[in-house]
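Here the structure is laid out as structure tokens; the discussion comes afterwards.
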Amino acid sequence: MLERTAAPPAELLARFADDVFPVEVRSAALQRFGHTHSGRERPGRYWRIDLDAVSIDDLAFDPACGEVTVVCDDPRVRVGERPQTLGMTASGASKFGALASAFANRYAFVTIPPDADVERPIVITYRAGTAPLFPYTCVHVRRGARATIVQRIEGDGGAFVCGIVEVVTEDGSDLRVATLQDLPQDARLFLTIGALPGRDSAFSCATADLGAALVVEEIGVELLAMGAQAQIASIFFPRGSQHVDLRSTVDHRVGGATSLTTVKSAATDRGQGRYVGNIRIAARAQKSDASLRDDALLLSPSAHIDSVPALEIAANDVKAYHGATVGALDAEMLFYMMTRGIERDAAERMVTLGFFEPALERFPEQLRDELRGLLAAKIA
Amino acid sequence: MREEQGLSVVGLRAEVEGNEILKGIDLTVEPGRVHALMGPNGSGKTTLALALSGHPHYRITSGSVTLDGEDLLALSPDKRAKAGLFLSFQYPAAIPGVKVANFLYAARQAVRPGDLTPAKFRALLMEQMEALGMDASFLGRYLNDGFSGGEKKRLEMLQMAVLAPRYAVLDETDSGLDVDALKHIGESIASLRGKSDPTGLLVITHYPRILRYVKPDVVHVMLDGRIVKTGDAELANYIERGGYDAIRAETGAVA
């Protein structure tokens, strides 16, 4: 796969090697990328991209390219210091997680000290330049701390971004992470998010994918501690010929933890979406409480979204719910609004925006209006 | 009063998937007057209400409907609302994610663009909600989503009060209400009567009980897609005593 790159792999990886990931670690990761199957379906009638054939051959690598800024006004938060939890999640194991580990070149390292209640969101912004960007965010939330992290990914036309968000939280903490991207229509984004919430902690991960030609996103939450409450909320909205592939996995390995997954997607034009939502409950994870709700809205005849909720439950004393819908705008809803004088276009916009609202309400409050505005612009 | 004033239905026939439901309806609700339309289940009352509002499921095969002289049948549902028609649904649609406050403001802006500042609009809402016995928390809820039957009907009445239409069709607004809710809603409708430019009402109902609050000027009885009898308020009492069978026997209707 790498024969045609400008430099042989070892030499190329040596240029990326740093004191976070030495060349051996990168080399092993690159091998994993080459050998690991994406686990995704092959292209078909609607979905046109083979994720196992995604090539890095034509990428012009440059470790010096790309920017990261971390804005935090709380002096207790340690920014830029490598957290002791680096590499603890399984985020580097997947195909694109491995690629992100191999070339990681911009880091956002954040440690929230014990019992710190960080009021304002910590904002991490990555900006891709002309060369591919491999952002690596690692967040460690210590015991009893509380914080909100907003990660934005920006870039110009043709951007290639492949990154990791890795989160480990300790007992009794409360962390909300939101990622947002509205990249140009020819960009490609591969994002792998891994989280290990602590005992009796609250963790929420919200993702909004509104831009890019191709988005491949994988969210994995491993519940290894009792009493953890995990939430995932995702929205995506492919239009034009955008392809968005989202996979979320919540792994209940111990009992007494709860998870709530909400995905709202819409597609228009020839936009294509795929969502696979996994809930796994291990045999010893009795008294787990897992819920997965996934709704997809098709706004044009050529738009397509596949939705696959998958529950694997090995325990016998659990609460598990899943529901999925795929459909067009409801004619009765539109008629109802029109009988109140609202024109059809405006009614369609309101119903579509409303459709996303249950997921938007899971985003940090500071982001909601911005997201509503971005969605409204897509619908218009 | 000019001759063409009123919500005027002439010879209206409508069908659903080839089945004729309305078989020639004639009635005119004059400005500010109250007409009651009574009839058993399946007689076509709701079809008439939805056909007047332009529901795409119903095909008008002949006849005309005008609102103060304007041809309603040529208009889309939103334009009918702008022309001054309101329908209170028997089963209002639930629209998750659309907050009541935002929806009401959008509707008011659509029907009466820019006539109220947001602050004045809010004051109007608060006043009307108090009259309907509605808590302010209603405004932050999603439209009809998880509402009880009574809450839905209250919200329909709140919308009517906010939009102040020229004519309103109330499709079984009294059904599924407990005594208190019926009283609030009945009084709210009655209060619209006290305005200088009151809404003309077509009140569709099975039961005469709402007519204790909203005294009809005219009562129509509908059977099998036709209006078979028209009278004054006393006709409602007659139906309460003798049921629709008395009307059937009297008019020879088969439905």
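Before moving on, here are some points about what is shown:
- Span from the the range B:194-255 Cα centroid across to the the range A:47-94 one, whole angstrom: 72 Å
- In this Cβ point-charge picture (+1 for Lys and Arg, -1 for Asp and Glu), the range A:295-380 has a dipole of about 160 debye about its Cα centre.
- Nearest-ten-degree value, helix B:149-163 long axis tilted from longest Cα axis of chain B: 80 degrees
- Highest mean packing first, where packing is the average number of other Cβ atoms within 10 Å per residue, the peptides A:152-162, A:315-325 line up as A:152-162, A:315-325.
- Max mean-square fluctuation residue, GNM over chain A, Cα-Cα springs under 10 Å, options A:PRO238, A:PRO301, A:PRO83: A:PRO301
- Normalised per residue, the volume of the convex hull around the Cα set of the range B:151-254 (Å³): 107 Å³
- Across A:ASP251, A:ASP73, A:ASP209, mean-square fluctuation computed from a Gaussian network of chain A (C-alpha pairs under 10 Å connected) peaks at A:ASP73.
- Counting only other chain Cβ atoms within 10 Å of each residue's Cβ, the peptide B:95-102 averages 6.
- Estimated translational diffusion coefficient (Stokes-Einstein, Kirkwood radius over Cα pairs, 4 °C, 1.567 mPa s) of the range A:138-277: 85 µm² per second.
- Here the range A:303-380 is described by how far its Cα atoms reach on the three principal axes: 52, 32, 24 Å, from widest to narrowest.
- Expressed to the nearest 5 percent, the antiparallel share of DSSP beta bridges inside the protein assembly as shown is 20 percent.
- Averaging 1/r over every pair of different alpha carbons in the range A:245-380 and inverting the result gives a Kirkwood radius of 16.5 Å.
- Per residue, the Cα convex hull of the range A:9-329 amounts to 122 Å³.
- Taking the DSSP beta bridges with both ends in chain A, the antiparallel portion is around 5 percent.
- The range A:193-230 and the range B:19-93 have Cα centres separated by 51 Å.
- Residue mean of other protein chain beta carbons inside 10 Å, B:82-91: 2
- Between the range A:121-139 and the range A:295-338, the alpha-carbon center distance in angstrom: 32 Å
- Residue (of A:VAL141, A:GLY163, A:ALA328) at the positive-pole extreme of the protein assembly as shown, dipole from beta-carbon charges: A:ALA328
- Neighbour-count ranking [beta-carbon atoms within 10 angstrom, fewest first] of B:ASP145, B:ASP178: B:ASP178, B:ASP145
- Inter-chain neighbour count for A:341-348: the average number of beta-carbon atoms from partner chains within 10 Å of each residue's beta-carbon is 6.
- Within the range A:251-365, antiparallel bridges make up roughly 0 percent of the DSSP beta bridges whose residues both belong there.
- Helix-only arithmetic for chain B: the sum of -39500 (n - 2.57) across DSSP H runs with n ≥ 4, divided by the residue total, places the mean residue ellipticity at 222 nm at -11000 deg cm²/dmol.
- For the range A:258-304: rounded, prolate or oblate by the Cα gyration tensor [a/c cutoff 1.5]: prolate
- Lys pairs under 22 Å by Cα in the range B:86-184, provided they are eight or more residues apart or on distinct chains: 5
- The largest-to-smallest principal axis extents of the Cα set in chain B are 56, 39, 38 Å.
- Candidates B:PRO56, B:PRO198, B:PRO31, ranked by Gaussian network fluctuation over chain B, Cα under 10 Å, top entry: B:PRO56
- Computed from Cα atoms, the angle from the helix B:118-131 axis to the main principal axis of chain B rounds to 50 degrees.
- Of the Cα atoms belonging to the protein assembly as shown, the radius of gyration and Dmax stand at 30.5, 100 Å.
- Dipole magnitude (debye, nearest 20) for the range A:9-329, charges at Cβ of Lys, Arg, Asp, Glu: 540 debye
- Listed by Cβ neighbour count within 10 Å, with the fewest neighbours leading, B:MET134, A:MET88 appear as A:MET88, B:MET134.
- Helix B:179-193 and the longest principal axis of the Cα set of chain B meet at an angle near 90°.
- MRE, 222 nm, helices only [DSSP H, n ≥ 4, -39500 (n - 2.57), over chain A, to nearest 500]: -5500 deg cm²/dmol
- Annotation: the residues A:PHE21, B:PHE121, sorted from fewest to most other C-beta atoms within 10 Å of their own C-beta, follow the order B:PHE121, A:PHE21.
- Shape of the range B:130-211, Cα gyration tensor, a/c cut at 1.5: oblate
Read the figures in this text as sums done on the coordinates, not as results from a lab. These numbers were taken from a predicted model, which means no experiment stands behind them. Note: ideal-geometry Cβ built from the backbone for every residue, glycine included; neighbour counts use all protein chains shown.
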